[in-house]
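Here's the structure, in structure tokens; my notes come after.
The values are calculated or read from the model by the stated rules, or taken from the named source; none is laboratory data. Keep in mind that what you see is a predicted model, and the values were worked out from it rather than measured. A quick note on method: Cβ atoms are made from the backbone with ideal geometry, for glycine too, and the neighbour counts reach across all protein chains shown. Just the protein is used for accessible areas: all its heavy atoms, side chains included, with ligands, DNA and RNA removed. Shrake-Rupley method; radii C 1.70, N 1.55, O 1.52, S 1.80 Å.
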Amino acid sequence: MAGALSAADASVRLQAALAIGSDPHLHFLETLVERCAVEPDFFVRDMLSWALTRLPPEVTVPRMGQELASERPQARSQALHTLSKIGDRRAWAWLTRSMLRDADDEVARTAWRVAVVLVPEDAREGLVDELVMQLGRGDRGVRLSLSRALIDLGDVAGPALARAAANPDRGVAAHARATEFLRQNPETGFDAAVEEAKRVVALGPERVAAAAAVPGIAGTTETAGAFETAGTAGTAGAYETAGSMKAAEAATADVGDAQC
């Protein structure tokens, strides 16, 4: 079975992980953990995590905690991913500030997602304050992951996002405004929220409000110029709906967590 987990064919590795999870035994623990750190295929990695969740949590959870200190980013990311599936609250204590700020984007975004799942009620505000420090980080997928985490924390995120919206860094301010816009208008797509936030940052809230009061002002050359000033490059494809944001988290972020 260990040989099948390292076979050249991904479908063979997938079937091996499925077989182990279907008939779990503790003697497979180390083999599964080691394979998680090096497995290149997202679907196989996810099956490996599932197989680990089938083992007794009193053994698996501490072993995943050890992996969080690994020098290999994929090992850390996959351990976080597995802990999120297990949902054991003991793991909250292991989500350190350095982990939430991990230099590897895939590790950090997985840590954000796990933190939202495990955070105690009395620690939610502190988690928000930590997460807003990451606003403006990374590419679209990373920013979407962070927005999703802050939105999932609920109303406690509002004041921190309002403060971040006044940040002199335009990237941070636009990301904060886009996140708050999505929090208040969940049916809006992420790309649309980002473009609106960039427009507000470029023009200033007062000018945007004044422009909105004048019929037909939208789409003027001033607005278009502001878009260029803010550094926009056009939206990518159709805007996501609220439902597709979750799909994006599964497909862009989670498949980004594809690295996990």
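Structure above, values below:
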{"quantity": "Residue list for segment 35-44, restricted to those being in a helix (DSSP H, G or I) and farther than 16 Å from Pro62 by Cβ", "calculated": "Arg35, Phe42, Phe43, Val44"}
{"quantity": "Qualifying residue in segment 111-134 (condition: under 14 Å from the mean Cα position of the chain (by Cα) and part of a loop (DSSP other than H, G, I, E, B))", "calculated": "yes"}
{"quantity": "Some residue of segment 41-60 being touching a residue at least 40 places away in the same chain (Cβ under 8 Å) and of a type in the set (Lys, Arg)", "calculated": "yes"}
{"quantity": "Selection within segment 8-28 - touching a Phe, Trp or Tyr at 6+ places or on another chain (Cβ under 7 Å) and open to solvent by 50 Å² or more (accessible area, probe 1.4 Å)", "calculated": "Leu14"}
{"quantity": "Only one of Leu118, Leu150 that is modelled with pLDDT of 95 or more and either within 18 Å of Ala165 (Cβ to Cβ) or of a type in the set (A, V, I, L, M) (or both)", "calculated": "Leu150"}
{"quantity": "Qualifying residue in segment 90-98 (condition: surrounded by 23 or more Cβ atoms within 10 Å (Cβ to Cβ) and modelled with pLDDT of 95 or more)", "calculated": "no"}
{"quantity": "Residue within segment 68-90 that is more than 18 Å from Val119 (Cα to Cα), among the aliphatic types (A, V, I, L, M) and over 18 Å from the mean Cα position of the chain (by Cα) present", "calculated": "yes"}
{"quantity": "Pairs, first under 18 Å from Phe43 (Cα atoms) in segment 1-30, second part of a helix (DSSP H, G or I) and not hydrophobic (A, V, I, L, M, F, W, C), C-beta under 6 Å, six or more apart", "calculated": "Ala2/Thr31; Leu5/Arg13; Leu5/Arg35; Ala7/Arg13"}
